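Here the structure is laid out as structure tokens; the discussion comes afterwards.
The values are calculated or read from the model by the stated rules, or taken from the named source; none is laboratory data. Keep in mind it's a predicted model, so treat the numbers as computed, not measured. Ideal geometry is used to build each Cβ from the backbone, glycine not excepted, and the neighbour counts take in all protein chains shown. These accessible areas exclude ligands, DNA and RNA; they are computed on the full protein's heavy atoms, side chains included. Shrake-Rupley method; radii C 1.70, N 1.55, O 1.52, S 1.80 Å.
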Amino acid sequence: MNISSQGGEGGDASAVRPICLTGYMGAGKTSVGRLLAAKISRNFLDLDAEIQLRAGKTIRQIFQEHGDSGFRDVERQSLAALLQGSDPSVIALGGGTLQDETNRNALHAANAFLIHLEAPVGELWRRCTDGFNAEEIAKRPLLAEGEAAFKERSASREANYRSAQVSITTTGLSVEEVAQACQNAISAILQH
Ligand code: S3P
């Protein structure tokens, strides 16, 4: 496990800051976020789930009917709605959320604590595709572009992922171990 962090903070700010998990598809944002929230007694919110609720459609349908830009519109509105909640939560962002400047500004304004879950892109591709049937793979429409495009897209997002306060390498770790690493980082960086 490798935890790197940028900057510490004083006080008890963690009590009020939303904790947001970022990273590319397959990084484990939802499964880790759910477990982390339970461990630190916070609500868990999943941006992709909120998007689907708000649109009344699956992510696949949104992409099919409204394209990438239509999806990003709902994503932006959904993130704003989640950040307005008064309960401090753990929020699993989507893999592309940080690409949008409005989203980055909203996260900054909410004083969100960003944790980047990372793994080599080849491993992420395998996590998203190995052992899944076509229907499951279609739940993430961008996977249809194939492995080379998946890798290129990852590289184009790297700088935004790197803007997170903490980066956790997830290779070889269980969901429990990654959630524990997040909890350790939260205690170490936010509470001291
Ligand atoms: C996307 C990632 C997906 C989902 C949508 C677009 C992206 O979320 O928001 O398919 O642009 O990387 P996950 O990262 O949770 O799979």
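Yes or no, residue by residue, for (1) open to solvent by 40 Å² or more (accessible area, probe 1.4 Å); (2) away from the ligand (no atom under 16 Å from the Cβ); (3) over 23 Å from Ala181 (Cβ atoms); (4) among the aliphatic types (A, V, I, L, M):
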position: Val90; (1), (2), (3), (4): no, no, no, yes
position: Gly96; (1), (2), (3), (4): no, no, yes, no
position: Asp100; (1), (2), (3), (4): no, no, yes, no
position: Asn103; (1), (2), (3), (4): no, no, yes, no
position: Leu107; (1), (2), (3), (4): no, no, no, yes
position: Asn111; (1), (2), (3), (4): yes, yes, no, no
position: Leu114; (1), (2), (3), (4): no, no, no, yes
position: Glu123; (1), (2), (3), (4): no, no, no, no
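When you go through (1) within 16 Å of the ligand (Cβ to nearest atom); (2) out of contact with any Leu (no Cβ under 6 Å at 6 or more places or on another chain) one by one for Ala185, which number turns out not to apply?
Every listed condition holds for Ala185 apart from (1).
Taking into account only those residues within the range 52-79 that are surrounded by 14 or more Cβ atoms within 10 Å (Cβ to Cβ) and aliphatic (A, V, I, L, M), which is nearest to the ligand (Cβ to nearest atom)?
Within the range 52-79, the match that is nearest to the ligand (Cβ to nearest atom) is Ile59.
Just need a number here: residues in the range 88-105 that are part of a loop (DSSP other than H, G, I, E, B) and under 22 Å from Ala138 (Cα atoms).
Applying the first criterion (part of a loop (DSSP other than H, G, I, E, B)) to the range 88-105 yields 88, 93-96, 100.
Imposing the further condition that a residue be under 22 Å from Ala138 (Cα atoms) reduces the set to 93-96.
The number of residues fulfilling the criteria is 4.
Which of the residues spanning the range 137-156 are open to solvent by 80 Å² or more (accessible area, probe 1.4 Å) and either without any contact (Cβ under 8 Å) to a residue 12 or more places away in the chain or of a type in the set (Phe, Trp, Tyr) (or both)?
Once the filter is applied, which keeps residues that are open to solvent by 80 Å² or more (accessible area, probe 1.4 Å) and either without any contact (Cβ under 8 Å) to a residue 12 or more places away in the chain or of a type in the set (Phe, Trp, Tyr) (or both), the range 137-156 yields Ala144, Glu145, Glu152.
Would you mind stating whether Thr129 is touching a residue at least 40 places away in the same chain (Cβ under 8 Å) and surrounded by fewer than 18 Cβ atoms within 10 Å (Cβ to Cβ)?
It is false that Thr129 is touching a residue at least 40 places away in the same chain (Cβ under 8 Å) and surrounded by fewer than 18 Cβ atoms within 10 Å (Cβ to Cβ).
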